[in-house]
Amino acid sequence: MENIDQQDLDNALETLRAMAHPLRLKILSFIDEHKTTHVNKIYNTLKLEQSITSQHLRIMREVNLVHTEREGKYVYYKVNYEKIGAVNKIVNNFFVLSGAHAG
């Protein structure tokens with residue numbers, strides 16, 4: 001039987017914590033809906049303060065939930081679907097390898 005990699009689980013946990021905040025989920029969903037967007041469009045459309053939006057985007061960047069690309073004065077954000085898929089795989093593997101399952 002394979003071992004469960006604790007470092008992978010810890011990384012997945014940090015990513016899930018970052019995703020779990022309602023406002024970050026709302027921002028992540030907005031980015032997903034628009035494929036790529038910049039902070040001004042996020043806070044203006046969602047009617048958030050710029051500083052709050054930037055704080056939440058920083059947290060998502062720190063765990064690699066979003067990719068950034070600078071274009072002139074704007075930083076554009078895209079959802080990192082590979083990271084989300086990797087976290088999903090780690091969590092699924094944990095349940096398979098630990099023998100845990102939904103009842």
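Among the residues of region 1-54, which ones are over 18 Å from the mean Cα position of the chain (by Cα), modelled with pLDDT of 95 or more and farther than 24 Å from Lys73 by Cα?
Answer for region 1-54, where residues must be over 18 Å from the mean Cα position of the chain (by Cα), modelled with pLDDT of 95 or more and farther than 24 Å from Lys73 by Cα: there is none.
With the requirement that a residue be outside any loop (DSSP other than H, G, I, E, B) and surrounded by fewer than 16 Cβ atoms within 10 Å (Cβ to Cβ), what does region 60-74 give you?
Keep residues of region 60-74 that are outside any loop (DSSP other than H, G, I, E, B), which gives 60-62, 66-71, 74.
Once the filter is applied, which keeps residues that are outside any loop (DSSP other than H, G, I, E, B) and surrounded by fewer than 16 Cβ atoms within 10 Å (Cβ to Cβ), region 60-74 yields Glu62, Thr68, Glu69, Arg70, Glu71, Tyr74.
Mind listing whichever residues of region 78-102 are modelled with pLDDT of 85 or more, open to solvent by less than 60 Å² (accessible area, probe 1.4 Å) and among the hydroxyl-bearing types (Ser, Thr, Tyr)?
Start the filter on region 78-102 by keeping residues that are modelled with pLDDT of 85 or more, which leaves 78-93.
Checking the rest, the ones that are also open to solvent by less than 60 Å² (accessible area, probe 1.4 Å) come to 79-80, 83-87, 90-91.
Listed by number, the list is empty, since nothing qualifies.
Would you check which residues across region 40-59 are open to solvent by less than 30 Å² (accessible area, probe 1.4 Å) and touching a strand residue (DSSP E or B) at 6+ places or on another chain (Cβ under 9 Å) and list them?
Ile42, Leu57
Assess whether Leu9 counts as being surrounded by fewer than 17 Cβ atoms within 10 Å (Cβ to Cβ) and among the aliphatic types (A, V, I, L, M). So that I can check it myself, show each step before the final result.
Details: surrounded by fewer than 17 Cβ atoms within 10 Å (Cβ to Cβ): yes; among the aliphatic types (A, V, I, L, M): yes.
Against the criterion (surrounded by fewer than 17 Cβ atoms within 10 Å (Cβ to Cβ) and among the aliphatic types (A, V, I, L, M)), Leu9 qualifies.
Consider Ile52 against the criteria (1) of a type in the set (A, V, I, L, M); (2) in a helix (DSSP H, G or I); (3) touching an Asp or Glu at 6+ places or on another chain (Cβ under 8 Å): it satisfies all of them except one. Which criterion is unmet?
Here Ile52 clears every test but (3).
Ile4 versus (1) among the β-branched types (Val, Ile, Thr); (2) out of contact with any helix residue (DSSP H, G or I) (no Cβ under 7 Å at 6 or more places or on another chain); (3) part of a loop (DSSP other than H, G, I, E, B): which is the lone unmet condition?
(2)
For the structure I just gave you, tell me whether Thr15 is open to solvent by less than 40 Å² (accessible area, probe 1.4 Å) and not in a loop (DSSP other than H, G, I, E, B). Reasoning before the result, please.
Working: open to solvent by less than 40 Å² (accessible area, probe 1.4 Å): yes; not in a loop (DSSP other than H, G, I, E, B): yes.
Yes, satisfied.
The values are calculated or read from the model by the stated rules, or taken from the named source; none is laboratory data. Since the model is a prediction, treat every value here as computed from it, not as a measurement. As a convention, Cβ positions derive from the backbone with ideal geometry for all residues, glycine included, and neighbour counts pool all protein chains shown. These accessible areas exclude ligands, DNA and RNA; they are computed on the full protein's heavy atoms, side chains included. Shrake-Rupley method; radii C 1.70, N 1.55, O 1.52, S 1.80 Å.
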